[in-house]
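The values are calculated or read from the model by the stated rules, or taken from the named source; none is laboratory data. All figures in this text were calculated on a predicted structure; none of them were measured in a lab. Heads up, the Cβs are rebuilt from the backbone with ideal geometry, glycines too, and the neighbour counts pull from every protein chain shown. In case anyone asks, the SASA skips ligands and DNA or RNA and just uses the protein heavy atoms, side chains included. Shrake-Rupley method; radii C 1.70, N 1.55, O 1.52, S 1.80 Å.
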Amino acid sequence: METVFSPVEKAFLKEAGNYEMTTRLPYILVENFPKLGLMTSLRFLEWVLENPEGVISLPTGKTPEFFIKHTEFLLENWNRKRGEEIRKAYGLESAKKPDLCGLRFVQIDEFYPISPDQHNSFYNYVDNYYIKGFGLDRKRSLLINSDEISLTKGKHFSEVFPDSQVDLSLIYRDPKTDLEKCQQASILKINDWCHDYEEKIREMGGIGFFLGGIGPDGHIAFNVRGSEHHSSTRLTPTNFETQAVAAGDLGGIEVSRSRLVITIGLESITYNPEGVAIIFAAGEAKADIVKASLESDISSVYPATALQKLRNARFYLTTGAANKLHDSIDRYYRTGTWTHEKTERAIIDLCQKIDKYGDHLVMDDLKSDPYCSMIPGMNEDTVQSVKDSIQAKIVKGIEKEKNQVFYHTGPHHDDIMLGIMPPINRQLRDASNEFYFSVLTSGFTAVTNIFIVSLLTDVKRFLNTSEIQMTKYPDFFEDGYKRKWDKDVSHYLDNIAAQNDNELRRGISHRIVRAIVDIWKVKSLEKLHFTIDEILSILRKSYDGSQNPPKIQKLKGMVREFEEELIWAHYGVPVKNVHHLRLGFYKGDIFTEQPDRSRDVIPILEAFRKVKPTVISLAFDPEGSGPDTHYKVLQAIAEAVREWGKETDTSKLRIIGYRNVWFRFHPSDVNVIVPVSLNSLSIMDQSFTNCYISQVNASFPSYEYDGKFSLLAQRIWVEQLEQLQLLLGKDYFYNNENLLLKATHGLLYYKEMMVEEFIQHARELEKALEGEL
């Protein structure tokens, strides 16, 4: 099937260099996330000009951010100078402005049941950003409104499914109660509604322009891995990967695990043979599933392969999302200067590809590999040169640090622990080192309402039994609450040691009381009781995933701050050395603000001035799926380092770039490899479990692992050890005379940089997200 690109697509292909494609579906590359939105917007408007009454289906979530922004900008500035410049640069030269009110809109999917009034419903998103934002005609739109889906006897879903859980087994079994009879009849009516929804799509000729993202399991709409390619609109459960991603929308995996969805099917998307179907993806986190979706034959394992039947199906990708494609890897090796980093990557990957230890590789293995065969001057010593350089990185990872001032930073609470706790453990053993830990956002989005309700219930119990004695002190509500915050931490840790669960709860209750007095400016014990009841009332009336009032957000953030203080107090680090910067860009909105210099950079700069660090650590992630928190924190730190460099000599300042459970380094990317012992793994998991109490139940897990982040980090470090055991041999570790290496059962990778190199990397990452209008 010959691919015919539109004028807009040809312009972007030309800009990208007209690269070779060997994938099952065509794809178009752009260098950054905003430009992905621009390309998608221009192609959409190009299609609308040709199909002013066509049928469209547009996505929800964070990926459409710049698609929406660019579309609104272009429509407002169509014949103004900047709008004309953009259009002409990318092949959209029509002077006629598109009119979107004639389009027919089809909502892709929705959680069920969910009130359309909730801000986290997809109906609400569609209504705000597409119906109102794009000026679409609501009467010409096909929407999924749970309130309007007819159930038995005209009942509302809150009556039929009072706990919002729908048991599809009722389709196949006899109901046991009157409520189940009602639910069974209602589920069958929902199925009829879905059939009618599908029929309406087909009566319109199918979807003419479909734009969608792709999930970690490859889901398109809510067609998860294993979905039938002839599937239609239906009520269906999802899988864990999809539930983990949806946990942020719904207020935790506890909710998303049991919530069903209504989704159009894969054949709903492919029914129109002339339909344009675009899947867009940004960031390295999507690279694995993008590769599988584009390079695999048609299979239910990868839902996007269903699009191979459409001649107008495309993937629009950032370079990060495409970096594991065979085409991208091939370009990496075949373009630019050959470096030892390329040699390392080629040899390490060869060991994995052919499952062979480094010592067993022979010249024929290297010559037979398309990339190892490109190594300049390849000879019998090539593999040994890679082993030597990797071993040098390991040696650097066990060096002792003395007389350093460490300023360890994390975008969120637990990022530092999950990123570099093993080397920190060793650094802390030397009394000549000084330590500061700084979390740059408040992290309130990681704390569920249910958890806060549980804490406040404990607080009420302890207050009622007069077990929070500090509230009796005469000056407590004036300024006494500000004193002895370290005591809360010490009390909690004492009772970890004593294994006294009730006293642990009393310890955190002390901190919760201090936080409430501070936030709500409580002036009496009576008012404290009233305020707690008020908070409980708000939380119990809130729907799962709702946006909390700012004061409750701050309370949640202060719980996370207490947890961070507990972690480092294990090693005697005082509360005053654990900094909570609460940068202002972090607000929990779906589209977040960019860092502001005076608000977000100055607090970091002031900390540098005061602490005078010799080593700064930070989360050093690649291009994310948009301008996420990790990226924004990195840019704020980079700007603070630049400014500090104008005031003081930073030529010897070292920057440690780490990654945790969200992204992984390749060994060739780093210059420090830290051996991790079973003792370090045990300490990390135990302290995570004891201290990050809001995270133990993994309410917002990674899609890679259904459990605590500490265990996922452990799994990653073990996999990294296995990766290099193939190169170095297992005996390099278990026969090593160095006890640290002999005790190695995991490996942690990080990149150490001087300031100039770090700033350069930050600028390159910044370029990957430039392009906002």
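Within region 98-114, take every residue that is more than 24 Å from the chain's Cα centre (by Cα) and crowded, with 16+ Cβ neighbours inside 10 Å and give me the one that is farthest from Ala221 (Cα to Cα).
Pro98
Given the condition open to solvent by 10 Å² or more (accessible area, probe 1.4 Å), on the phi < 0 side of the Ramachandran plot and free of Cβ contacts under 8 Å to residues at least 12 places away in the same chain, answer yes or no: does some residue in region 44-54 qualify?
Yes, region 44-54 contains at least one residue that is open to solvent by 10 Å² or more (accessible area, probe 1.4 Å), on the phi < 0 side of the Ramachandran plot and free of Cβ contacts under 8 Å to residues at least 12 places away in the same chain.
Looking at region 31-43 only, could you name the residues that are farther than 18 Å from Phe591 by Cα, open to solvent by 10 Å² or more (accessible area, probe 1.4 Å) and not in a loop (DSSP other than H, G, I, E, B)?
Arg43
Restricting the search to region 458-482, which residues are surrounded by fewer than 21 Cβ atoms within 10 Å (Cβ to Cβ) and closer than 19 Å to Glu563 by Cα?
Across region 458-482, the qualifying residues are Asp458, Lys482.
Can you tell me how many residues in region 55-73 are open to solvent by 10 Å² or more (accessible area, probe 1.4 Å) and either without any contact (Cβ under 8 Å) to a residue 40 or more places away in the chain or among the polar types (S, T, N, Q) (or both)?
Going through region 55-73 one residue at a time, the tally reaches 2.
Among the listed residues Asp518, Asp479, Asp458, identify the single one that is under 29 Å from Ala247 (Cβ atoms) and either at pLDDT below 95 or within 34 Å of the chain's Cα centre (by Cα) (or both).
Result of the check over Asp518, Asp479, Asp458: Asp458.
Among the listed residues Ile348, Ile329, which satisfies the condition of being open to solvent by 10 Å² or more (accessible area, probe 1.4 Å) and under 30 Å from Glu764 (Cα atoms)?
Numbers: Ile348 fails: open to solvent by 10 Å² or more (accessible area, probe 1.4 Å).
Being open to solvent by 10 Å² or more (accessible area, probe 1.4 Å) and under 30 Å from Glu764 (Cα atoms) holds for just one of Ile348, Ile329, which is Ile329.
Could you check region 591-621 and list, in sequence order, the residues that are surrounded by fewer than 17 Cβ atoms within 10 Å (Cβ to Cβ) and either touching a Lys or Arg at 6+ places or on another chain (Cβ under 8 Å) or more than 27 Å from Glu757 (Cβ to Cβ) (or both)? Spell out how you get there, then give the answer.
From region 591-621, those surrounded by fewer than 17 Cβ atoms within 10 Å (Cβ to Cβ) are 591, 593-594, 596-599, 602, 606, 609-610, 612; that's our starting set.
Once the filter is applied, which keeps residues that are surrounded by fewer than 17 Cβ atoms within 10 Å (Cβ to Cβ) and either touching a Lys or Arg at 6+ places or on another chain (Cβ under 8 Å) or more than 27 Å from Glu757 (Cβ to Cβ) (or both), region 591-621 yields Phe591, Glu593, Gln594, Ser598, Arg599.
Give me the residue from region 5-24 that is at pLDDT 95 or above and within 19 Å of Gly283 (Cβ to Cβ) and, out of that set, most open to solvent (accessible area, probe 1.4 Å).
Thr23
Among all residue pairs at least 6 apart or on different chains, which show Cβ distances below 8 Å where the first residue, located in region 106-135, is farther than 12 Å from Tyr543 by Cβ and the second is basic (Lys, Arg)?
Sorted first by the residue in region 106-135, then by its partner, the pairs are Tyr112/Arg259; Ile131/Arg138.
For region 705-731, how many residues are outside any helix (DSSP H, G or I) and either among the small types (Gly, Ala, Ser) or touching a residue at least 60 places away in the same chain (Cβ under 8 Å) (or both)? If you could, list the steps in order and put the result at the bottom.
Pass one, region 705-731, residues outside any helix (DSSP H, G or I): 705-708, 729-730.
In the following step, the residues that additionally are either among the small types (Gly, Ala, Ser) or touching a residue at least 60 places away in the same chain (Cβ under 8 Å) (or both) were identified as 706-707, 729.
Count: 3.
Checking Gly645 against (1) small (Gly, Ala, Ser); (2) closer than 22 Å to Leu581 by Cβ; (3) surrounded by fewer than 23 Cβ atoms within 10 Å (Cβ to Cβ); (4) under 27 Å from the mean Cα position of the chain (by Cα), which test does it fail?
Gly645 satisfies every listed condition except (4).
Provide a single number: the residues in region 387-440 that are assigned to a helix (DSSP H, G or I) and farther than 30 Å from Ile347 by Cα.
Going through region 387-440 one residue at a time, the tally reaches 7.
What residue, among those in region 158-173 that are closer than 25 Å to Glu198 by Cβ and open to solvent by 20 Å² or more (accessible area, probe 1.4 Å), is farthest from the chain's Cα centre (by Cα)?
Tyr172
Take region 115-148 and flag every residue that is assigned to a loop (DSSP other than H, G, I, E, B), surrounded by 14 or more Cβ atoms within 10 Å (Cβ to Cβ) and not aromatic (Phe, Trp, Tyr).
Ser115, Pro116, Gln118, His119, Asn120, Ser121, Gly133, Leu136, Leu143, Ile144, Asn145 - these are the residues of region 115-148 that are assigned to a loop (DSSP other than H, G, I, E, B), surrounded by 14 or more Cβ atoms within 10 Å (Cβ to Cβ) and not aromatic (Phe, Trp, Tyr).
Answer yes if at least one residue in region 74-91 is assigned to a helix (DSSP H, G or I), among the small types (Gly, Ala, Ser) and free of Cβ contacts under 8 Å to residues at least 12 places away in the same chain, and no otherwise.
Taking region 74-91 and keeping what is assigned to a helix (DSSP H, G or I), we get 74-76, 81-89.
With the extra rule that they be among the small types (Gly, Ala, Ser), the set shrinks to 83, 89.
Restricting the remaining residues to those that are free of Cβ contacts under 8 Å to residues at least 12 places away in the same chain gives 83.
Yes.
Let me spell it out: the conditions are (1) open to solvent by 10 Å² or more (accessible area, probe 1.4 Å); (2) within 28 Å of Arg24 (Cα to Cα), and Lys356 meets all of them except one. Which number is the exception?
All conditions are met except number (2).
For Ser94, state whether it is among the hydroxyl-bearing types (Ser, Thr, Tyr), farther than 29 Å from Thr236 by Cβ and surrounded by fewer than 18 Cβ atoms within 10 Å (Cβ to Cβ).
Yes.
Identify, please: which residue in region 364-381 is in a helix (DSSP H, G or I) and open to solvent by 10 Å² or more (accessible area, probe 1.4 Å) and is, among those, farthest from His579 (Cα to Cα)?
My answer is Asp364.
For region 668-708, which positions are farther than 19 Å from Ile398 by Cα and open to solvent by less than 20 Å² (accessible area, probe 1.4 Å)?
Passing the criteria: Ser687, Phe688, Cys691, Tyr692, Ser694, Gln695, Ala698, Ser699, Pro701, Ser702, Gly707.
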